[in-house]
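Enquirer: The structure under discussion is supplied below as structure tokens; questions concerning it will follow.
The values are calculated or read from the model by the stated rules, or taken from the named source; none is laboratory data. Quick caveat: nothing in here was measured; it's all calculated off a predicted structure. For neighbour counting, all protein chains shown are included, and Cβ atoms are generated from backbone atoms with ideal geometry for every residue, glycine included. In case anyone asks, the SASA skips ligands and DNA or RNA and just uses the protein heavy atoms, side chains included. Shrake-Rupley method; radii C 1.70, N 1.55, O 1.52, S 1.80 Å.
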Amino acid sequence: MTDSETHVVLTLDEVFSLARNVLLHHGMSEAHAVAIARVITQGQRDECHSHGIYRLLVCVRSLKSGKVDARATPTLRDVAPGVVNVDAHYGFSLLAFETGLPALIKKARGQGIAAMTINRCFHFSALWPEVEMIAAEGLVGLAMNPSHSWVAPAGGTRGVFGTNPLAFAWPRANGLPFVFDFATSAIARGDIELHAREGKAIPSHWALDREGRPTTDARAALEGAMQTFGGHKGSALAAMIELLAGALIGDLTSMESQAFDAGAGASPCHGELVIAIDPHRFGSEGNPASYEAGQARAEALFAAMTGQGARLPSQRRFEARARSERNGVRVPKALYADVLKLLD
Ligand code: NDP
Ligand code: PYC
């Protein structure tokens, strides 16, 4: 089959309008619909297929579960000189993030480092748009959150951790930031869901079936337990995220989020921790103007990586972004049809 038989091509404006219309159609407030449509468009634009247009199906399923408040207005609280809190009041996380970001940036600039805690949010999105927004302000960004307990600890066979993403962005004086954003599971669950939709096999290190055996069957994987990346190392990072973005900030762990869902099939509901660091405020007493030196060191590090043929994380994404801005995005026809049905 040719590409035009299997895919439709949409402009970025068309993706944004489609996403916004679907969300408004399902009762979401304009502010939430725009915040979510923007990030879904960015996901599709950067060819992050598990967190692009596909997520509309997940958002609408979450809305239909009756658990999400589609019109919740997040509230901001100044907790401490270095901490701002946003209560999402059981709405989706993205409007809460937007609500707290200006205060986080102001605090980080004022003090060198600051944290934003988001509580009681439904969460479905990739984290790189958030840390990129922090890097666009010239700050270093770090973000993390739990999800549902789909992932077994290394050495175990039953879900305890979420797919727990960890995202980092380092602003670069001349160009796009250095960004990575990965699930601490071997792969995002969304990718396994896409494999299941398309009837494709998965690598055997991604998940265990219900009997605890490695599986290449995506549906069996969704019913079993996912595996962490890097064995015990990913497992420890996943536990750290449960602690920092769950226990520490007074919100649910992935096991608790799963219990709260009670089989409704909504997106995970929990908190998120976001940290911003002002590079101008670090360095030693004898070397206060260390920003330029830090940038130079960073560039030497990146050059040493790319100079031997390694690629920087997000390079694929940035190339996809440029391509999509030129040519629009490709969406599988079956997925596009399922998304259009959401407007019925
Ligand atoms: P990937 O494994 O696809 O990518 C992880 C990171 O590694 C990306 O920054 C990627 O850059 C980089 N990378 C991949 N291959 C290479 C390579 N060969 N050399 C250098 N860097 C590389 O992502 P995941 O499946 O782990 O996660 C996908 C998304 O899912 C994330 O954006 C995450 O935020 C989201 N997610 C959200 C959750 C939530 O609760 N909200 C839960 C879990 C995941 P590039 O993109 O350029 O390939
Ligand atoms: O893909 O693992 C995932 C995921 C969980 C919540 C949002 N995305």
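Enquirer: Within region 1-128, what percent of beta bridges assigned by DSSP are antiparallel, to the nearest 5?
Expert: If I count the DSSP bridges inside region 1-128, around 45 percent turn out antiparallel.
Enquirer: A further question follows. Can you pull the accessible area of Arg330 for me, 1.4 Å probe, Å² to the nearest 10?
Expert: The accessible area comes out at roughly 110 Å².
Enquirer: Also, I was wondering about something else. P(r) for region 250-344: what percent of alpha-carbon pairs falls in each 5 Å bin, starting at zero?
Expert: Histogram of Cα-Cα distances, whole percents per bin: 2, 9, 8, 8, 10, 13, 15, 14, 10, 7, 3, 1, 0, 0.
Enquirer: What's the local net charge at Arg311, with K and R +1, D and E -1, over the other residues with C-beta under 13 Å away? All intermediate terms of the calculation are to be shown ahead of the outcome.
Expert: Numbers: positive: Arg316, Arg317; negative: Glu319.
It works out to a net charge of +1.
Enquirer: Using alpha-carbon pairs under 8 Å, 6+ residues apart, how would you state the relative contact order of region 14-107 in percent?
Expert: Numbers: 122 pairs, mean separation 21.6, N = 94.
In percent, rounded to a whole number, it is 23.
Enquirer: May I ask you to compute the full-extension gain from Tyr90 to Lys200, defined as 0.36 nm times their residue separation minus their alpha-carbon distance, rounded to one decimal in nm?
Expert: Working: separation 110, 0.36 × 110 = 39.60 nm, distance 3.45 nm.
Stretched fully, the Tyr90-Lys200 segment lengthens by 36.2 nm.
Enquirer: Quick one: net charge around Arg120, please, counting Lys, Arg +1 and Asp, Glu -1 for every other residue with C-beta under 9 Å from its C-beta.
Expert: Numbers: positive: none; negative: Asp87, Asp251.
Around Arg120, the charge tally is -2.
Enquirer: Let me ask you something else. With a ≥ b ≥ c taken as the square roots of the eigenvalues of the C-alpha gyration tensor of region 1-94, please select rounded if a/c is under 1.5 and otherwise prolate if a/b is larger than b/c or oblate if it is not?
Expert: Because a/c hits 1.5 or more and a/b exceeds b/c, region 1-94 counts as prolate.
Enquirer: Between the alpha-carbon centers of region 270-284 and region 159-195, tell me the distance in whole angstrom.
Expert: 18 Å
Enquirer: To continue, here is another question. Give the ranking of His270, His89 by solvent-accessible surface, highest area first, calculated with a 1.4 Å probe. List each step's numbers first, then the result.
Expert: Numbers: His270 0, His89 60 Å².
Result of the area sort, largest leading: His89, His270.
Enquirer: Residues with amide H under 5 Å of Phe92's amide H, sequence separation 5 or more or different chain, H placed in the peptide plane at 1.01 Å from N; which?
Expert: Phe122
Enquirer: Same structure, new question: Quick one: how many Å² of Trp206 are accessible to a 1.4 Å probe, rounded to 10?
Expert: For Trp206, the solvent-accessible surface is approximately 30 Å².
Enquirer: Work out from phi, with θ = phi - 60° and the Karplus expression 6.51 cos²θ - 1.76 cosθ + 1.60, the ³J(HN,Hα) of each residue of region 94-107, listed in order in whole Hz, and give x for Gly and Pro.
Expert: 5, 5, 5, 4, 4, 5, x, 4, x, 5, 4, 5, 4, 5
Enquirer: Using the Cα atoms of region 213-287 to build a convex hull, what is its mean projected area in square nanometres?
Expert: Numbers: hull surface 33.6 nm².
It is 8.4 nm².
Enquirer: When you take every Cα atom in the chain, what is the radius of gyration, and what is Dmax, the widest Cα pair distance, in Å?
Expert: For the chain, the Cα radius of gyration and maximum Cα-Cα distance read 20.1, 65 Å.
Enquirer: When Lys and Arg each count +1 and Asp and Glu each count -1, what net charge do the other residues less than 13 Å away from Glu14, Cβ to Cβ, add up to?
Expert: Values: positive: Arg20, Arg45, Arg330; negative: Asp13.
Spelling it out: positives minus negatives among the neighbours equals +2.
Enquirer: May I pose another question? Non-local amide H neighbours of Asp46 (under 5 Å, H modeled in plane, Pro and chain starts lacking H): which ones?
Expert: Result for Asp46 returns nothing.
Enquirer: If you roll a 1.4 angstrom probe over the protein chains with everything in place, what fraction of the accessible area of the chain belongs to carbon and sulfur, to the nearest %?
Expert: 56 percent
Enquirer: Pop out the ³J(HN,Hα) list for region 216-225 in order, Karplus 6.51 cos²θ - 1.76 cosθ + 1.60 with θ = phi - 60°, rounded to Hz; leave Gly and Pro as x.
Expert: Computed from phi, the couplings for region 216-225 are 10, 8, 4, 5, 5, 5, 5, 8, x, 9 Hz.
Enquirer: On to the next question. Per-residue HN-Hα couplings for region 229-238, Karplus 6.51 cos²θ - 1.76 cosθ + 1.60 at θ = phi - 60°, whole Hz, x for Gly and Pro?
Expert: Working through the residues one at a time gives 7, x, x, 5, 6, x, 4, 5, 5, 4 Hz.
Enquirer: Could you compute the longest span of the chain free of GluC sites (Glu not before Pro) located in DSSP loops and having at most 12 other Cβ atoms within 10 Å, not counting the site residues?
Expert: On the way: sites that count: Glu198, Glu211, Glu285.
Here the longest run is 1-197.
Enquirer: By DSSP, what percent of the beta bridges with both residues in the chain are antiparallel, rounded to the nearest 5? Please report the intermediate quantities before stating the final value.
Expert: Numbers: 38 of 45 bridges.
In the chain, approximately 85 percent of DSSP beta bridges are antiparallel ones.
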